[in-house]
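Below is one structure, written out as structure tokens, with a few remarks after it.
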Amino acid sequence: MEFLIEYTDIIEQKELLYDIEEWSFNTEPRVQEINFDISINKLNLTAINDDNRIVQVSGFCGLDKKMKSEFNVPYRQKGMLKILDDLPSGLGSYQVGEIDFPVFLNMKTGWVCIGNPKKKGKAVEFIKDCVAVIGHNREFISLWLKPQTLPEI
């Protein structure tokens, strides 16, 4: 699956929330009309419009003390994250990668990383406190999320 970053001064102004009881992320306000979802582990990135722009993050992501790390979110610029693949709309969810990506949690900064926190690429903040790192071959490297609150671990 190929991703495209378009840097702009405009990003989705949503709140990233973590529901401690359900162990899940969600962005508010929610988008109702979608083209399709891209799945990273059990998280969904929702694409809309003809340009397949990602506008929402939601889904399960259990966090525990084994995930604690000191990794820091990379330098990023504001912009849009898009899916380049021509995927049919309305058919549900498409998986990124064939395996579950590791999850890392920095309790000091509040950032959660899903993917490879060490690998470099281009980083874009596409929703407030949601950052994607995309490689030189347009491949997914990592997703960084900083919800308003995290569970006490």
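Listing for the model above:
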quantity: Qualifying positions in region 138-153 - open to solvent by 40 Å² or more (accessible area, probe 1.4 Å) and either among the small types (G, A, S) or modelled with pLDDT under 95 (or both); calculated: Q148, T149, E152, I153
quantity: Pairs, first in contact (Cβ under 8 Å) with a residue 12 or more places away in the chain and open to solvent by less than 40 Å² (accessible area, probe 1.4 Å) in region 96-116, second β-branched (V, I, T) and in a loop (DSSP other than H, G, I, E, B), C-beta under 7 Å, six or more apart; calculated: W111/V73
quantity: From the options L17, L84, L43, residue that is closer than 15 Å to L145 by Cβ and open to solvent by 40 Å² or more (accessible area, probe 1.4 Å); calculated: L17
quantity: Among the candidates K119, K78, residue that is without any contact (Cβ under 8 Å) to a residue 40 or more places away in the chain, more than 15 Å from A47 (Cβ to Cβ) and either assigned to a loop (DSSP other than H, G, I, E, B) or open to solvent by 20 Å² or more (accessible area, probe 1.4 Å) (or both); calculated: K119
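A quick yes/no check of all residues on (1) part of a strand (DSSP E or B); (2) over 13 Å from the mean Cα position of the chain (by Cα); (3) surrounded by fewer than 13 Cβ atoms within 10 Å (Cβ to Cβ):
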residue	(1), (2), (3)
E21	no, yes, yes
F25	yes, no, no
V31	no, yes, no
S39	yes, no, no
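The values are calculated or read from the model by the stated rules, or taken from the named source; none is laboratory data. No experiment lies behind these values; they were computed from the predicted model shown. With ideal geometry, Cβ positions are generated from the backbone for all residues, glycine too; neighbour counts draw on all protein chains shown. Surface accessibility is based on the protein's heavy atoms, side chains included, excluding ligands, DNA and RNA. Shrake-Rupley method; radii C 1.70, N 1.55, O 1.52, S 1.80 Å.
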